[in-house]
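The values are calculated or read from the model by the stated rules, or taken from the named source; none is laboratory data. Remember, predicted model here, so these are calculated numbers, not experimental data. Here Cβ is always computed from backbone atoms with ideal geometry, including for glycine, and neighbour counts include all displayed protein chains. Protein only, heavy atoms only, side chains kept; ligands, DNA and RNA dropped before computing areas. Shrake-Rupley method; radii C 1.70, N 1.55, O 1.52, S 1.80 Å.
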Amino acid sequence: MRLDMSVHRAVATVVAMSIGMPAPGTLAAVTSQASATTPQGTPTKPATTGTKPAKPASAATAAPVDGQWPRVFDVPGGGTILVYQPQVATWDNQSHMVAFSAVSFRGTAADKPALGTIKLEADTKVALTERLVSFENMKIVEANFQTLPKESTRDVVAEIDKTMSKDARVIALDRVLASVDKSSIIMKTVEGIKADPPTIFFSESPAVMVNLDGEPIWSPIKDNDLKFAVNTNWDLFQHTPSSTYYLRHNASWLKSRDVKGPWSPAGTLPDSFKKLPADENWNDVRANVPGKALAASAVPKVFTSFQPAELILLTGAPKYEAVSGTGLLWVSNTESDVFRMGKTGSVYYLVAGRWFSAPAFSGPWTFATPSMPPDFRKIPLEHPRSRVLASVPGTDRAAEAVLLAQIPQTARVNKKELKAPDVAFQGDAEFAPIESTTVQRAVNTDKDIFKVGEAYYMCYQGVWFTSKTSSGPWEVASSVPEQIYQIPVSSPAHHVTYVTIEEDDDDEWVTFAAAAGYTGMMVAWGCTVWGSGWYYPPYVGYGGFYPYYYPYFPTYGYSAWYNPWTGAYGRSAGVYGPYGGAGVGARYNPRTGTYARGAAAYGPYGARGVAQAYNPRTGTYAATRQGSNVYGSWGSTAVQRGDDWAKTNRYTNRQTGNTTRTIRTDEGGAVTRRGAGGGAVGVGNEGNIYAGKDGNVYRREDGTWQKHENGGWSDTNRQPADRPRPTDSSTTRQPSAGTTGATDRGTVDQLNRDAAARREGAQRTGDYGKYKGGSGTSGTGSYRGGTSRPSGGTRSAPRGGGGRRR
């Protein structure tokens, strides 16, 4: 039988909106607020009864990234559709999802709504930067509407499959994460990851740490008797006539007869500083010559290390703040993540995703992640440093961090159009064998180049190239030898094993995927950690005017911490130098034979804190305001990013225009439709209607689940406690057999979990809105927005509380 078109369009709208896409004919209603607006900071309170109308959302308030829930839509012919947030049932390997959604159709304002449920199955893609999940190859495997005959329902589903758009099927990642069963997340631990404690310095007074990548490598400066250290993130100079070392500290200068100190105010600088080349490389230095006078009492402690080290810097004696619900004390006057078990108990320090403990701040330090006290699992999400939960094994947040790290970023690459980067060696190409493999790697170039048999392969910015010779010509690779994926973590080339070819189905395009390990994030001890823990000595050569220096990213040296809103690691650089991670303050360009200072993107956030994804071998990076994609650095139409579908101007919804009318909801409340164009918008709360896996529609009323049947609501005769969702997935209840009243216990338990997940997902989506809409000062220390406070040490500008770095 043929359906009435108004019904057909209504149901098509229902399914479209249940997965976060615009309804047919309403795409213009879901318009962009992009980065010009500020997302809603806190989700509005859901309606829990059917007697109070929902408060309309402010017209000046932008909706969450996937739009607000529930949503109301106009249907051609005068009807309306109300769609409630989908309930995620499973998300296998973060690539296939099953979800349920409650929907309602009202033909006219006077009609009684027809309530129903749908069950969806779809392949998924994730845009980590925008925190969105898209649906592809979606199928409606079940549809239940009490007032529609089965034959009509089948016709509706068939029509939906034919007409549904494919370019806007999204739901917020945070809503999905709140629903995922954490026990189903597979921990793919990287074999060989190390956790040897680094050298850890400690100070209660102003201090800085000068990290050098091995012994100082001094480079001459043309027409000058100064030399500069290329393997540090500081402006460190050697004045050869006087055998004196000079160190820039903000706008002042220090001097010493030994690079290890002690350091004192420099006084008058040699005239050589005034003769530094007038190019961009020396802008920061020349801007601070002759420098501000510095009293001897204002000289900070200078810790110098020839290997990657860390610094715990406090502003005075430790300030302890009790962590609610635990026996822990948080050390609040430092940017480092430091806790203590009571004032005399062990000190715990988190850096690079690894916990270390010591009887006192001065050490000795031992690796502690596998044996963390249970109280760490109880740190509240509202705590200013709840970000540390991502590094506490067994917590939901640690499981989520692992899940995100295992989701690859993808790109389609045009084989014919994409040009390989220039490759240059210092002299003839030199290759060194990689232990336990038949692969050799090039050592005297800034590119990741490998020799396997008689063929050569290069991995650059997440794309593989191949050539018959080490000097090229290079072309996009259609396959990569299996031997390359056997490179162990002890090799500085291990990161390339995270770049794979996903699809090569024609002569023009090939799809590459890069997991987080390519940019330095790895999985171990049930957590996501930064770096392998291995120290990879740099390649150093001589033969020209400048020394050749090719470093590898270190695990330690910049207080790497996890950013819960990007799924990447950031760094605290105030006391670690002005030029990014340790040992990478300058980059040698083999083509020009010169150095670029302060331009390397190497280590979390890269140079000057602007990047979050980068190629750890070449120093190239992709920088965006909210997050990044390793393929974004190409900037070419020959590389089509796999998450381009997630552009915010397609999915976010700016609520504008005047309120046109109020519509009664199915639980008796009211929602407000806005927009002069008549388009559909969110209603401003999470909603109180749910789809049961038994095909029925339910709502919560006064703490009791009610089922919709025979045109009305009836109690399930079960009074479940409104408990918060468990923090640890191991405590999640499983559905049990038996019935209570008209609804079986398993369905009620499922509804309880979905209700808790919906509240949590709405909270998290709102929290992400705060972060995304922030001016750069919003905290990243907490899963609940955190606090920013001045803390820890000497720095060029106040920062604190794990505040977001840009």
What order, most packed first, do the peptides 89-96, 210-217 have when packing is the mean number of other Cβ atoms within 10 Å of each residue?
210-217, 89-96
Measuring from the lowest to the highest alpha carbon on each principal axis, how far does the stretch 221-305 reach, largest first, in angstroms?
34, 23, 23
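Mind ordering 376-385, 273-282, 456-465, 250-259 by average Cβ neighbours within 10 Å, highest first?
On the way: 376-385: 19.9, 273-282: 14.6, 456-465: 24.2, 250-259: 17.5.
Answer by packing, highest mean first, reads 456-465, 376-385, 250-259, 273-282.
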Could you pull out every residue, at least 5 positions away or on a different chain, whose amide H is within less than 5 Å of the one on residue 89? Hs are placed 1.01 Å off N in the peptide plane, and Pro or chain starts have none.
98, 99, 100
Residue 244 to residue 292: FRET efficiency via 1/(1 + (r/R0)^6), r the Cβ-Cβ distance, R0 25 Å, to the nearest 0.05?
0.85
Which percent of Cα-Cα pairs in the stretch 451-588 sits in each 5 Å bin, short to long?
2, 9, 14, 17, 19, 16, 12, 8, 3, 1, 0
Quote the FRET efficiency, to the nearest 0.05, computed for residue 279 versus residue 430 with a Förster distance R0 of 35 Å and r equal to the Cβ-Cβ distance.
0.70
At R0 = 30 Å, FRET efficiency that the Cβ-Cβ distance of residue 702 and residue 745 yields, to 0.05
0.90
Quick one: how many Å² of residue 248 are accessible to a 1.4 Å probe, rounded to 10?
30 Å²
Using 7 Å Cα-to-Cβ label points, what is the residue 184/residue 479 separation (nm, one decimal)?
3.5 nm
Among 545, 472, 495, flag the residue with its Cα farthest along the positive direction of the charge dipole of the stretch 440-549, charges on Cβ as +1 for Lys/Arg and -1 for Asp/Glu.
545
How big is the Kirkwood radius of the stretch 418-472, worked out from every pair of different alpha carbons and given in Å to one decimal?
11.5 Å
If we restrict to alpha carbons, what Rg and Dmax does the stretch 393-497 come to, in Å?
16.0, 52
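Can you give the charge dipole size of the stretch 167-283 about its Cα centre, rounded to the nearest 20 debye, using +1 on the beta carbon of Lys and Arg and -1 on the beta carbon of Asp and Glu? Intermediate values should be presented prior to the final figure.
Details: 13 positive and 15 negative charges, 23 e Å.
The calculated dipole for the stretch 167-283 is roughly 100 debye.
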Which order do the peptides 313-321, 225-233 take when ranked by the mean count of other beta-carbon atoms within 10 Å per residue, highest first?
225-233, 313-321
